[in-house]
Amino acid sequence: MTVASAPGKAILLGEHAVVYGRPAIAVPICDRRAFASATSARRGSGVVLQAVDLGRRYPGDGNCVDDDGRLLQAALRGVLYELGVSGEGLDLEITIRSEIPIARGMGSGAAVSAALMRAVAQHLGAELGAERLSRLVFQTERLLHGTPSGIDNTTVAYEQPIWFVTGQRPEPIRIETGLTLLIGDTSVPARTHEAVDMVRARWQAARGAMEAQFDAIADIVTRARAALATGNLPELGHLMNQNQAILADIGVSSGALNRLIVAAREAGALGAKLSGGGMGGCMIALVRESDRAAVQQALQQAGAAEVITSDVSRGILVMGEHAEQGDEHAR
Ligand code: PMV
């Protein structure tokens, strides 16, 4: 049996503007992961995909009508095609489970695809490096979600803090000091597709004004990179707040997100903002270690369905356990 995993992710700054060519910074959430195992099955049984959390079993081939089954089948097809392996005559039991909340802007779909692809590749004696895995996961995401920027698959596959610009080689970035993030779940599913479409409609109606907003976000993200490099957390928090103000202005925040963001700031967070597509999903708060408990409690009292704590390690994180030595983009 081979077992593999992939982390969740949070966008620290730059969502939405990243769709329009501006930079964004995302971090892996290593404490929440998706896991997949692949085991040889009885001859003639074919490939079976077992989604443990959902209590569902899907055939490896075919076209599922439900989104979860389609994601798993697409990921499987993608990795088999990449490795030049025919699904015919393959007898495999693939089991998937995930600790990452679904549809909360935490990269759950990308992580599940990445874990499944890694497990299947290893089972077949192949190793997928970060760059190759990222590309494969992106193809699956595109099939199911239209035109994602690619930030989810990149962060999940590289498992490092990433400076991301669409169409450019992702840059793992250095973080000078440990970051403590609290992630508050509004319990409202993130409506990323709807939010991206709404932003596009606004951009089409008022290009100049929206481009100026995206430029302002790009400036914030650039300054945040410098703050991360010098370990200036108060400045980073301030920039997160500025980013949130623009996101609210372009209409992708929500009452539930605002409530959690305000509660976190009032309880001492250095900065707080929505993370991901918005209109639901999760918010993130940057906290000093000494304020963690107070902010966590404030988020719970303000109605967070769950509060996830994540420590993003100092410096460049160790690569995910399956990064390929020969993958030049991973180094
Ligand atoms: O909701 P998520 O985590 O998939 O993030 C969406 C981020 C956007 O910038 C809004 C869209 C994208 O594809 O980058």
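Filter the stretch 197-216 for residues that are open to solvent by less than 40 Å² (accessible area, probe 1.4 Å) and either basic (Lys, Arg) or within 19 Å of the chain's Cα centre (by Cα) (or both) and give the result.
Within the stretch 197-216, no residue meets the criteria.
What single numbered condition from (1) among the small types (Gly, Ala, Ser); (2) modelled with pLDDT of 95 or more; (3) within 16 Å of the ligand (Cβ to nearest atom) fails to hold for SER290?
(3)
Consider ARG132 carefully, then state whether it is among the charged types (D, E, K, R) and more than 15 Å from the ligand (Cβ to nearest atom). Please lay out each step first, then the result.
Numbers: among the charged types (D, E, K, R): yes; more than 15 Å from the ligand (Cβ to nearest atom): yes.
Here the answer is yes, as ARG132 does meet what is asked.
Does ALA212 satisfy the criteria of being out of contact with any helix residue (DSSP H, G or I) (no Cβ under 6 Å at 6 or more places or on another chain) and either outside any loop (DSSP other than H, G, I, E, B) or among the aromatic types (Phe, Trp, Tyr) (or both)?
On the way: out of contact with any helix residue (DSSP H, G or I) (no Cβ under 6 Å at 6 or more places or on another chain): yes; either outside any loop (DSSP other than H, G, I, E, B) or among the aromatic types (Phe, Trp, Tyr) (or both): yes.
Yes; evaluated as a whole, the condition is true for this residue.
If you check every pair at least six apart or on different chains, which have Cβ atoms under 9 Å apart with a residue in the stretch 194-216 that is away from the ligand (no atom under 16 Å from the Cβ) first and a residue that is in a helix (DSSP H, G or I) and open to solvent by 60 Å² or more (accessible area, probe 1.4 Å) second?
Between residues of the stretch 194-216 that are away from the ligand (no atom under 16 Å from the Cβ) and residues that are in a helix (DSSP H, G or I) and open to solvent by 60 Å² or more (accessible area, probe 1.4 Å), the close pairs are ALA209/ARG202.
Taking the stretch 238-255 as the search range and keeping residues that are assigned to a helix (DSSP H, G or I) and surrounded by fewer than 22 Cβ atoms within 10 Å (Cβ to Cβ), which one is farthest from the ligand (Cβ to nearest atom)?
Taking the stretch 238-255 as the starting set, the residues that turn out to be assigned to a helix (DSSP H, G or I) are 238-249, 255.
Adding the requirement that they be surrounded by fewer than 22 Cβ atoms within 10 Å (Cβ to Cβ) leaves 238, 241-242, 245-246, 248-249, 255.
Working: HIS238: 22, ASN241: 19, GLN242: 17, ALA245: 17, ILE246: 13, ALA248: 14, ASP249: 15, GLY255: 18 Å.
In this case the residue turns out to be HIS238.
Just the residues that are farther than 27 Å from TYR20 by Cβ and open to solvent by 10 Å² or more (accessible area, probe 1.4 Å), please, taken from the stretch 256-272.
ARG259, VAL262, ALA263, ARG265, GLU266, ALA267, GLY268, ALA269, LEU270
Restricting the search to the stretch 56-96, which residues are open to solvent by less than 30 Å² (accessible area, probe 1.4 Å) and among the polar types (S, T, N, Q)?
Answer for the stretch 56-96, where residues must be open to solvent by less than 30 Å² (accessible area, probe 1.4 Å) and among the polar types (S, T, N, Q): just GLN73.
Cβ-Cβ below 9 Å, separation at least six or inter-chain, first residue in the stretch 282-293 and open to solvent by 10 Å² or more (accessible area, probe 1.4 Å), second among the hydroxyl-bearing types (Ser, Thr, Tyr): which pairs?
Cβ pairs passing all conditions: ARG288/THR180; GLU289/THR180; ASP291/THR180; ARG292/THR180; ARG292/THR309.
Output the residues belonging to the stretch 26-37 that are of a type outside the set (Asp, Glu) and surrounded by fewer than 24 Cβ atoms within 10 Å (Cβ to Cβ).
Filtering the stretch 26-37 for residues of a type outside the set (Asp, Glu) gives 26-30, 32-37.
The answer is CYS30, ARG32, ARG33, PHE35, SER37.
Do you know which residues across the stretch 175-193 are away from the ligand (no atom under 13 Å from the Cβ), part of a loop (DSSP other than H, G, I, E, B) and among the small types (Gly, Ala, Ser)?
GLY178, SER187
Right, GLU235: closer than 14 Å to LEU13 by Cα and charged (D, E, K, R) or not? Before you say what the answer is, go through the steps one by one.
Working: closer than 14 Å to LEU13 by Cα: yes; charged (D, E, K, R): yes.
For GLU235, the condition - closer than 14 Å to LEU13 by Cα and charged (D, E, K, R) - is met.
The values are calculated or read from the model by the stated rules, or taken from the named source; none is laboratory data. It should be emphasised that the depicted structure is a prediction, and the values quoted were computed from it without experimental measurement. Quick reminder, even Gly has a Cβ in these numbers, built from the backbone with ideal geometry, and neighbours come from all protein chains shown. Note: accessible area is taken over every heavy atom of the protein model, side chains too, but ligands, DNA and RNA are not part of it. Shrake-Rupley method; radii C 1.70, N 1.55, O 1.52, S 1.80 Å.
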